[in-house]
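The values are calculated or read from the model by the stated rules, or taken from the named source; none is laboratory data. Predicted, not measured: the structure shown is a model, and the values here were computed from it. Counting neighbours? That spans all protein chains shown, and the Cβs are built from the backbone with ideal geometry, glycine included. The protein model used for the area step is the full one, side chains on, heavy atoms only, and it has no ligands, DNA or RNA in it. Shrake-Rupley method; radii C 1.70, N 1.55, O 1.52, S 1.80 Å.
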Amino acid sequence: MSSKKREKAEAVSHEGLVIRNTGSSYIVRLDDGGEVNCRVKGNFRIKGIRTTNPVAVGDRVNVTKAADDADYITSIAPRRNYIIRRASNLSKESHILAANLDLAALVISLRDPITPTTFIDRFLATAEAYNVPAMIIMNKSDIWDECDRELAEGMKILYRQIGYEVAEVSAQSGEGIDQLRERLSGKVTLLAGNSGVGKSSLINRLVPGADLKTGKISDIHHQGMHTTTFSEMVSLPGGGELIDVPGIRGFGTIDFEPSEVSHYFPEIFKASEGCRYGNCKHTGEPGCAVLPAVEDHLISESRFASYLSILDEIENPEKYRKPF
């Protein structure tokens, strides 16, 4: 047997879970309990995968030790689901935030910084598209004034009526943390959000000893500064995993067909059952049942505006190259 064939025969492959992605390498927790630092085989990157990260935290993978004694990820198990967005400055590329999720939790704030409703709705629509249950976590309740509290109540009513769970918490004061920890227990949960909404502080509350770095809000722009620089899985006490990802400035959708977008807005999809035509895009077609529902406030104007923005992004992708 030749030396090359002998090396191939002796190569041992292990299965494991990707728990950290630093951009250039990955940490994989092997099924035997060990952890290894891995790279991705060069040819693995070019097999028609149009993402900035062919491997994501949450992926189940095979790891093989090469002749140079380095560990390489050689294959990915089929994903149950994932959350994906358009890469910020590459309109034809995508970025997978996390894979194989039980829950996608979007952390938002009503001030310092303000999370746009368009951002919220695009995240929820993507979760619908990729079969990931989703919820909203409203953080920083300790700094709300009366107007903020009225807005919070309105948003809770809006999204709960659609079918989404909404939690109200404060990573600073600890309000709602115990209930949230119980809700996330035993689940693999993606925690995503704009920079500055307090994800790292929230994880530090949920996972004592996590000691994730936190940052300050810009006094000029009232936006958060990136403190999480890579994606990482953090274990919850008592069971479950949180996947922390870098703060997101904008959430561009990708691979949506115009005829499918309304399917990812449950209340619009329900109203569309009354449309005269099955291919109605709800932009002025005769016999549309959605537009009257918006006029009658049965569908919120903000949600419908988010729906239209996704249609516009599909038709005019160049407008959405940079985060909005």
Worksheet item: Which cross-chain or sequence-distant (5 or more) residues have an amide H under 5 Å from the amide H of Leu103, H modelled 1.01 Å from N in plane?
Response: Val188, Leu190
Item to complete: Amide H neighbours of Gln172 under 5 Å, at least 5 residues apart or on other chains, H built in the peptide plane: list them.
Response: Lys140
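Would you mind calculating the relative contact order of region 63-183 from Cα pairs under 8 angstrom and at least 6 residues apart, reporting the percent as a whole number?
On the way: 152 pairs, mean separation 22.8, N = 121.
Answer for region 63-183 is 19 percent.
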Item to complete: Enumerate the calculated ³J(HN,Hα) couplings along region 153-163 in order (Karplus 6.51 cos²θ - 1.76 cosθ + 1.60, θ = phi - 60°), each rounded to whole Hz, writing x wherever the residue is Gly or Pro.
Response: 5, x, 5, 5, 4, 4, 6, 5, 5, 6, x
Worksheet item: Can you pick out the pairs among Lys41/Lys187; Lys140/Lys187; Lys187/Lys270; Lys41/Lys319; Lys65/Lys199 whose Cα atoms lie more than 32 Å from each other?
Response: Lys41/Lys319; Lys65/Lys199
Worksheet item: Residue-wise, which Karplus ³J(HN,Hα) couplings in Hz belong to region 117-126, taking 6.51 cos²θ - 1.76 cosθ + 1.60, θ = phi - 60°, and x for glycine or proline?
Response: 5, 4, 4, 4, 5, 5, 5, 5, 5, 5
Fill in: Inter-centroid distance (Cα atoms) of region 241-283 relative to region 120-165, Å
16 Å
Discussion item. Using the basic label-point model (7 angstrom from Cα toward the beta carbon), what is the Asp142 to Ile314 distance in nanometres?
Written reply: 4.4 nm
Practice prompt. Only one of the values [x] 53, 50, 38; [y] 77, 49, 37; [z] 78, 43, 37 was calculated from this structure for Cα extents along the principal axes in Å; name its label.
Written response: [y]
Discussion item. Taking amide H atoms as placed 1.01 Å from N in the peptide plane, list the residues 5 or more away in sequence, or in a different chain, whose amide H sits under 5 Å from that of Ser231.
Written reply: Asn21
Worksheet item: Top mean-square fluctuation among Ser109, Ser262, Ser13, Gaussian network model of the chain, C-alpha springs under 10 Å?
Response: Ser13
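Per 0.36 nm of contour for each residue apart, how much would the distance between Arg249 and Asp68 grow if the chain were fully extended, relative to their Cα-Cα spacing? Don't skip to the end; give the middle numbers.
Working: separation 181, 0.36 × 181 = 65.16 nm, distance 3.94 nm.
Separation in residues times 0.36 nm, less the Cα-Cα distance, equals 61.2 nm.
Round to a whole number: what % of the accessible area of the chain belongs to carbon and sulfur, probe 1.4 Å? Write down the numbers at each step before the final one.
On the way: 7920 of 16010 Å².
Of the solvent-accessible surface of the chain, carbon and sulfur hold 49 percent.
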